[in-house]
1. Looking only at segment 48-57, filter to residues that are within 11 Å of Gly17 (Cβ to Cβ), touching a residue at least 24 places away in the same chain (Cβ under 8 Å) and not hydroxyl-bearing (Ser, Thr, Tyr); which one of those is most open to solvent (accessible area, probe 1.4 Å)?
2. Residues that are modelled with pLDDT under 95 and open to solvent by less than 60 Å² (accessible area, probe 1.4 Å), at least 1 per element: which helices (runs of 4 or more DSSP H) completely within segment 136-197 meet that?
3. Looking at (1) in contact with a Lys or Arg (Cβ under 8 Å, 6 or more places away or on another chain); (2) part of a strand (DSSP E or B), can you tell me which one Val86 breaks?
4. Name the pairs: first residue in segment 147-164 and closer than 17 Å to Trp98 by Cβ, second residue among the β-branched types (Val, Ile, Thr), Cβ to Cβ under 8 Å, at least 6 apart or on different chains?
5. Please identify the pairs in which a residue from segment 231-259 that is free of Cβ contacts under 8 Å to residues at least 60 places away in the same chain and at positive phi has its Cβ atom under 9 Å from the Cβ atom of a residue that is in a loop (DSSP other than H, G, I, E, B) and open to solvent by less than 30 Å² (accessible area, probe 1.4 Å), counting only partners at least 6 apart or on another chain.
6. For segment 204-240: of the residues being in contact with a Phe, Trp or Tyr (Cβ under 8 Å, 6 or more places away or on another chain) and open to solvent by 30 Å² or more (accessible area, probe 1.4 Å), which is nearest to Ala8 (Cα to Cα)?
7. Under 8 Å by Cβ, and 6 or more places apart or on different chains, what pairs join a residue from segment 10-38 that is part of a strand (DSSP E or B) with one that is of a type in the set (Asp, Glu) and modelled with pLDDT of 95 or more?
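The values are calculated or read from the model by the stated rules, or taken from the named source; none is laboratory data. Here the structure is a predicted model, which means the values were calculated and not measured. Heads up, the Cβs are rebuilt from the backbone with ideal geometry, glycines too, and the neighbour counts pull from every protein chain shown. The area values use the complete protein model at the heavy-atom level, side chains included, leaving out ligands, DNA and RNA. Shrake-Rupley method; radii C 1.70, N 1.55, O 1.52, S 1.80 Å.
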Amino acid sequence: MATGSRYAGKVVIVTGGGSGIGAGIVRAFVESGAQVVICDKEELGGKALAQELPRTVFVLSDVTREEDMRNLVSETISRFDRLDCVVNNAGYHPPPQWPEEISAQDFRELLEVNLLGMFTLTKLALPYLRKSRGNVINISSLVKETGQTQAVPYVASKGAVTAMTKAFALDESQYGVRVNCISPGNIWTPLWEELAAASPDPKATIWEGTVAQPLGRMGQPAEVAAAAVFLASEASFCTGAELFVTGGAELGYGRKAKWGAPVKAPATHP
C-alpha cells in the first residue's frame, strides 16, 4: 500500500501536536493521507504546523480542561463528520526532583496533564470511535517499566497510562474499538533538550541519553510517529498492546549504583 493511502479519508486528533513527538505524529498521519486535527495549548507551534501542512486544522485547547476537550471533539465532528483515531500525546516531564521536594499539589497537576487529560478526551471521543470502529493510541513511556531517578510523579503517571490503556481496550473491544499505547525511550525533542539544558552538565546529560541505547543514538519523533501510523492503520489484531520505541534501552545489564552508594563485593567461597 502506498504511504499516502495507508490512512486516506480517516480523521485523527493528535493532542500536544504542535511540537516534538506530537508534531512528528501529525506529519506522519498527513503523509498517510489522513485529515488531522492538531490540539495544543500553545498557539504558535500548532498554528504554524497547520499552515504548513495540508488537511490539518488547529484547535487551541488544554487537555486539563474538560470543556476544551468537549469543544475539540465537537469541532472535529462539525468539520469532518467522523473520527477514526485519537492520539493522546500531550504530556509533561518535570525537572528532576527528589521525593521530599514534590508537593501533593505538584503531583495532582501532573496527573491532570499526563493521565486525566487522556481519560477525558478518550471518553468524549468514544461515541464517534464506536461508529467508525476506530482506535486510540496513548503515549506512555519506557520509564514506567524501568523507573527513573528523581521522577516519581512522572513514572507513576506513565505507569497509569499503560494500565488505563489495557482497561479501555477490554471495555471497548465489544464495539470494535482498539486501544493501544506506545512507550518511547530517549527521543530527541525540544522537551529533552530543555531538560538537558537545565542539568548541571548538559553535554554529559545528552551523552548519557545517547549511549543508553544499544543502537548508539537517540530516537527521532518520526520514528515514534511511524509506530503510531502502524497501530492505527495496520495493527488490526492488536488491542491493549504496548509498543516499545526505545532503541533497546531496556535490554541488558548496566551500572545502577550511584557514586557514593554502599557497594558490597560478593562473599568469597571457602
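1. Residues of segment 48-57 that are within 11 Å of Gly17 (Cβ to Cβ), as a first pass: 49-50, 53, 56-57.
From what's left, touching a residue at least 24 places away in the same chain (Cβ under 8 Å): 49, 53, 56.
From what's left, not hydroxyl-bearing (Ser, Thr, Tyr): 49, 53.
On the way: Leu49: 10, Leu53: 28 Å².
Looking at the filtered set, the residue picked out is Leu53.
2. 190-197
3. Of everything listed in (1) in contact with a Lys or Arg (Cβ under 8 Å, 6 or more places away or on another chain); (2) part of a strand (DSSP E or B), Val86 misses just condition (1).
4. Gly147/Val155; Gln148/Val155; Ala151/Val143; Val152/Ile102; Pro153/Ile102; Tyr154/Val143; Val155/Val143
5. Gly248/Gly185; Gly248/Gln213
6. So, considering only residues that are in contact with a Phe, Trp or Tyr (Cβ under 8 Å, 6 or more places away or on another chain) and open to solvent by 30 Å² or more (accessible area, probe 1.4 Å), the one nearest to Ala8 (Cα to Cα) is Ser233.
7. Val11/Asp84; Val12/Asp84; Thr15/Asp40; Val37/Glu75
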